[in-house]
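Asker: Take this structure first; my questions come after.
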Amino acid sequence: MSSTRSCLDSLLGSQIIAVLELLFVYVALVAVICGISFVVSPVSSVEELDYELREFVHYYKETSWWWLTTFFTSVIALTVGAGHGLFVSLIFLSVFTGPAILYYHRKYPFSLKCGYRARTSSGRTAINEEQENIATPDDGLYVLEFPITTGSNIEEFTIDLTIPDGVKVRNHSGIRGVGLSENKTAIEGKAPPGRDSFVFEIILSETAGVQQGANLLILSDAESGRELTTIRLLPQQ
């Protein structure tokens, strides 16, 4: 190990080696955060994971921890880390990774999330429909529940609703500070302090009835345009 390090030092220089070690730690940090993401809340796509990580970096760079740990990590990597083995350097460089991982764990998620729960008009859970992201009318009504997670970083939010022809919003319920826009095409508001996860219910009633091929209810993040949830509304049997 020491002979390999000496050989690399002679070829690249000790300071370049230290910088490479720092880059290695950044890569390791991203890998750890990806692991936490999959354990805490599995993502549905690579794009969603990419957006979540970019939002994490955006918020973390606004904290004093970012500037302090980056400064001390750079100093250690270029001085102490340059004269020691990789293992010792990584211990010192954990000054950066430790606070970052703790911040990610405590503040996750960093992007708006929205799930789906299917209900009947009597309040029962329709498990099969929920798993397939479909909804069937019960007495002419679609009862849809959306578990929404804003995260402690997100204050105000807007979720756009794309509602297919043949149905209209009949009623809705949620928590104080969150409701439908005036034209009923968006869920908007601000989650109460200390409560960044809640359920928002929307009840759709049939007008002309949905048609196959044009029956998707789509919820998307108004700020980023990301599609959060898509529900396929089935016609009355």
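The values are calculated or read from the model by the stated rules, or taken from the named source; none is laboratory data. This structure is a prediction, so every number in the text was calculated from the model and none was measured. Cβ placement follows ideal geometry from the backbone for every residue including glycine, while neighbour counts extend to all protein chains displayed.
Asker: Please specify each residue of the stretch 186-219 satisfying the condition of being outside any strand (DSSP E or B) and among the charged types (D, E, K, R).
Answerer: We begin by selecting, within the stretch 186-219, every residue outside any strand (DSSP E or B); these are 191-196, 207-210, 212-213, 215.
Hits for the stretch 186-219 are R195, D196.
Asker: Name the residue that is farthest from the chain's Cα centre (by Cα), counting only residues in the stretch 170-185 that are assigned to a strand (DSSP E or B) and small (G, A, S). Lay out the reasoning, then the answer.
Answerer: As a first pass, look at the stretch 170-185 and keep what is assigned to a strand (DSSP E or B): 170-173, 178-180.
Going one step further and asking which of them are small (G, A, S), we end up with 173, 179.
Details: S173: 24, G179: 21 Å.
Ranking the qualifying residues of the stretch 170-185, first place goes to S173.
Every residue, every condition in (1) β-branched (V, I, T); (2) modelled with pLDDT under 70, yes or no:
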residue: L53; (1), (2): no, no
residue: T79; (1), (2): yes, yes
residue: G83; (1), (2): no, yes
residue: I91; (1), (2): yes, yes
residue: Y103; (1), (2): no, no
residue: R119; (1), (2): no, no
residue: T125; (1), (2): yes, yes
residue: A135; (1), (2): no, no
residue: P147; (1), (2): no, no
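Asker: Being touching a strand residue (DSSP E or B) at 6+ places or on another chain (Cβ under 7 Å), among the β-branched types (V, I, T), surrounded by 12 or more Cβ atoms within 10 Å (Cβ to Cβ) and at pLDDT below 90 narrows it down to one residue among I202, I175, I231, I187; which is it?
Answerer: On the way: I202 fails: at pLDDT below 90; I231 fails: at pLDDT below 90; I187 fails: at pLDDT below 90.
It is I175.
Asker: Report the residue count in the stretch 221-234 for those that are of a type outside the set (A, V, I, L, M), touching a residue at least 12 places away in the same chain (Cβ under 8 Å) and more than 21 Å from S205 (Cα to Cα).
Answerer: Of the stretch 221-234, the ones of a type outside the set (A, V, I, L, M) are 221, 223-227, 229-230, 232.
This time we only want the ones that are touching a residue at least 12 places away in the same chain (Cβ under 8 Å), so: 221, 223-224, 226, 229-230, 232.
Next, only the ones that are more than 21 Å from S205 (Cα to Cα) stay: 221, 223-224, 226.
Selection size over the stretch 221-234: 4.
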